[in-house]
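Below is one structure; the comments refer to it alone.
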Amino acid sequence: MKIAAIVLASLLAAPALRAQDIGLSLGSVPAAALVQDTSGRAVDLAATFVGKKPVLFEFWATWCEICEALLPRMQAAQRRYGGRVEFVVVGVGVNQSLNSMKRHLARHPMPFRFYYDNTGAAVRTFEAPATSYIVILDGRGRVVYTGSGADQDLDAAIRRAL
């Protein structure tokens, strides 16, 4: 009985370590998704990032207040893990263009790689339900975490990929 209580307490105390029940399934590998780099050239996210080293993808928009609230956590995680983990931000094509995204980044520089999902291909491939959606892949390209919102524990999620 005491062991069951300890196990239950540990499961309830560590929800940030488990992926949320949204988006891609844990253990899956994302398929190809063509996006544009900030120069407008086509880039396949899978060919460029999946299976190379751990990678964090954030689905983001210039108008997303939750993304803005998540930014300090993203920046802190990039400072801490940037040498071992690739940080990729995918700008969604809802109510923003590549040019509006570039203007925003010129005014508010951020230390991540940015791409623009002009056709929604990445949103569909990664099953992104909203902006502020994070997908973390391990070095083999397998999903170890998905989540959304401003209060995600990125440190714990990234450690699962290392």
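Details
- Cα centroid of region 54-93 to Cα centroid of region 94-162, whole Å: 6 Å
- Per-selection Rg to Rh, region 14-116 - Cα, Kirkwood hydrodynamic radius: 0.95
- Put THR146, THR125 in order of accessible area, highest first, and with a 1.4 Å probe you get THR125, THR146.
- Heavy-atom SASA rank of VAL55, VAL94 (probe 1.4 Å, accessible area, largest first): VAL94, VAL55
- Once both labels are positioned 7 Å from their Cα atoms along Cα-to-Cβ, the gap between ALA32 and ARG159 label points is 3.8 nm.
- A Förster radius of 30 Å, combined with the Cβ-Cβ distance separating ARG140 from SER97, puts the computed FRET efficiency at roughly 0.30.
The values are calculated or read from the model by the stated rules, or taken from the named source; none is laboratory data. Note that the coordinates shown come from a computational prediction; the quantities given were computed from them, not determined experimentally. We place every Cβ from the backbone using ideal geometry, glycine too, and count neighbours over all the protein chains shown. What goes into the accessible areas is simple: the full protein's heavy atoms, side chains included, and nothing from ligands, DNA or RNA. Shrake-Rupley method; radii C 1.70, N 1.55, O 1.52, S 1.80 Å.
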